[in-house]
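Trainee: Encoded as structure tokens, here's the structure I'll be asking about.
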Amino acid sequence: MKKMLKNRNGFTLIELLAVIVILGVIMAIAVPAVSGYITKSKKDAWANSARQYIRDAQNKANASIFELPIYQNDATVINVVKRVELETGKMKSGYGYDYSESKTYIVIVQTEADQTNPKYKYYFVGEDVKGNQFPLTEDSKINGELITKGLEITAMPTSSAIGTTVNLNTNSGTPLTVNVTQVYS
């Protein structure tokens, strides 16, 4: 009888429980890390898309499809959803949601007083229908870490704002004050 007990196959209940506990500990460590990587990749994808939107706006401005601002602090505002394209044709946030049309736009600002040698800064701002937000950010400072929720995103100025000065909320807390000269909605 003792010989039969020693030759048994399988695992004891204690051994099975130990394996389950070990797997639980591994999952508790791995799931948040994997979730963090997924969220970071979504944010980085949105930042890359924002850069591509700006490049398309730059190309269209250089081709005179969009009129560039002339005087210092003048701004051209472009609706991303209606006026800008990606090569892939996808117009979704990094999270895969549609953009809020009134809160996703590009601002081109003329930064030099000398009109013979104008320089421009390009800004992107975006919000998707689920409230994920990309604050108004200069193109050289765009990165996925800026994406958040709960910001006060300024709605895109409309054509009635042409000829007026507007304050646009930025990620730094200091508004961008511009004179709206063109709106492409």
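Every read-out reported here was derived from the displayed coordinates using simple, explicitly stated rules and does not represent laboratory data. Bear in mind the structure is a predicted one, so any value in this text is a computation, not a measurement. Here Cβ is always computed from backbone atoms with ideal geometry, including for glycine, and neighbour counts include all displayed protein chains.
Trainee: If one takes the longest principal axis of the Cα atoms in the chain, at what angle in degrees, from 0 to 90 and to the nearest 10, does the Cα axis of helix 13-62 lie?
Mentor: So the inclination is approximately 10 degrees.
Trainee: Exceeding 24 Å between C-alpha atoms, which entries from my cross-link table qualify? They are Lys60/Lys90; Lys42/Lys119; Lys43/Lys103; Lys90/Lys119; Lys60/Lys130; Lys43/Lys82.
Mentor: Lys42/Lys119; Lys90/Lys119; Lys60/Lys130, as the Cα separations exceed 24 Å there.
Trainee: With label points built 7 Å along Cα→Cβ from the Cα atoms of Phe11 and Thr116, find their separation and express it in nm.
Mentor: 8.2
Trainee: Here is a further query. Once amide H atoms are placed 1.01 Å from N in the peptide plane, what residues at a sequence separation of 5 or more from Thr154, or on another chain, have their amide H within under 5 Å of its amide H?
Mentor: Sorted by chain and number, the residues that satisfy this are Asn169.
Trainee: Mind giving me the FRET efficiency for Val34 and Lys82? R0 is 35 Å, r the Cβ-Cβ distance, nearest 0.05 is fine.
Mentor: Between Val34 and Lys82 the formula returns 0.45.
Trainee: Turning to a different aspect of this structure: If neighbour count is taken as other Cβ atoms inside 10 Å, put Ile20, Ile106 in order from fewest to most. Present the calculation step by step, with values, prior to reporting the outcome.
Mentor: Details: Ile20 10, Ile106 28.
Ranked by crowding around the Cβ, least crowded first: Ile20, Ile106.
Trainee: Report the FRET efficiency, 1/(1 + (r/R0)^6), for Asp98 and Ile22, where r is their Cβ-Cβ distance and R0 is 45 Å, rounded to 0.05.
Mentor: Given R0 = 45 Å and the Cβ-Cβ separation, E is 0.55.
Trainee: Counting Lys and Arg as +1 and Asp and Glu as -1, each charge on the Cβ, what is the dipole of the chain about the Cα centre in debye, to the nearest 20?
Mentor: 1440
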